[in-house]
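Below: the structure, in C-alpha cells.
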C-alpha cells in the first residue's frame, strides 16, 4: 500500500505519454480539425460569394432582358413605321405612274385626234375642192384659191 | 468464479488481502509480498499501465496515419469528440494560453480512464488466468496503487510549482507564501497556510483517485465473495449466485460512471490548479 519506486516508473511513463499524446494525437488531430474548420469557413464564404454573384447575374440578366424587350419593341415599331412609309411611297409612286400613263395616253389620244382632224380637214378640203369643181364645172386653180382654201380649212 | 480463495487457503480476509497484494519485485517481504522499502517495484502496476499507455500511443499512431479531414469515420469521430470535450474544458477552466495543458489534460483523461477501466474486468479472471502460468499475485488496476495516483498528482504538482515560479517569478512565488491569505502581519501563519494549501493539491488529487478506485475494487471483491465463500452446497449456491450476478451488474454499471467521473475530476482539477499557477496575484 505504501509508495514505492513504482512511483518513479509511473512518473516517467506519464511524462513520456504526455509527449506521445501531444505528438501523435493532440497535435495532428487539432491541426486537422483547424484545417477542417478553415475549409468549412472557406466553403461557406465561397457559397455566400456564389449566392451574391448569382444575385448580381440574375439582376443583370433581368436588366438585359428588359433592355432586349425594349429594343425589340422599338425595332418593331420602327419596322412598322418603315413599312407604312414604304407602302405610302409605293402608293404615291403607283399613283404618279398611273397619272403619267394616263397623261401619256391622253396626249397620244389628243395627238391622234389632232392628226385625224388634220387628215379629215385635208380630206375635206380635197372633197370641198372636188365638190366645188363639180359644182362650178371647171377647174379651180389650186394656186389661185389656195390661200382662201387654207383659210377655210383653218376655220373648220 | 472463485479459484483464488482455494489456492490461497480460503477465508474471506485472506481472499481480499490476496487480491490487494501487488506483484512485488525488489525490496519485498518474501512471505506477505508487501514492499518493505522504497525500492520495490510493483510489476503488475507497471505492466498494466505501460500496456495501456502503449495502447493509447498505438491507437493514436494508427489514427494519425489515416486522418480524414472531410469524412471522418467511426473511431476518429469518437476521438474527435473526446478531444473537443477536453479542449472545451481547458478553454473554460484555463486562463491564457499554454500548449502543454491540453495534451496533459487529454493524457490524464485517457490514461486514468483506461487504468480505471481495468476495474471492470471480473476480479478473479486475471488472477485465475495468470495463476495458470504460476503468477499468484496480480493487482490489475494500476489506479488502486498509490504509486500510480501519486505519480500523476506529483507530476502535476511539479508543473504547478514550475509554472508558478515561471509566471510569478521566484520573488512572486515567495511572496505568495509570505503574504497570501492574511497580509504581511501574519507571515508565519501565511507560510503554514499556503504550504498546506499547496501540498493539499497533489495529496487530494492522488488520494481521491486512489480512494475511489480502491473502494470500488473492494466492493467488487466483496460481491465476488457472495458466490464464493457464502455459497455452501447446491441450494445455497442457487440462492447466492443470482444475487451475486445482480449486485455485480449493478455495481458495474454504477462504477462505469465512477471511473469516468474520477478520470474527469482528475483532469479538470489538474487544469484548474495549473490555471491558478498561471494567474498573477
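The values are calculated or read from the model by the stated rules, or taken from the named source; none is laboratory data. Since this is a predicted model, take the numbers as computed values, not measurements. Please note: Cβ atoms are built from the backbone with ideal geometry, for glycine as well, and neighbour counts cover all protein chains shown.
Scanning the range B:52-68 for residues that are surrounded by fewer than 15 Cβ atoms within 10 Å (Cβ to Cβ) and without any contact (Cβ under 8 Å) to a residue 40 or more places away in the chain yields B:54, B:58, B:61, B:62, B:65, B:66, B:68.
Number of residues in the range B:29-76 that are in a strand (DSSP E or B) and more than 9 Å from chain A (Cβ to nearest Cβ): the value is 1.
If only residues of the range A:20-38 that are more than 7 Å from chain B (Cβ to nearest Cβ) and loosely packed, with under 14 Cβ neighbours inside 10 Å are counted, the one that is modelled with the highest pLDDT is A:38.
Only one of the numbered conditions (1) closer than 30 Å to residue A:154 by Cα; (2) under 19 Å from the mean Cα position of the chain (by Cα) is not met by residue A:103, and that is (2).
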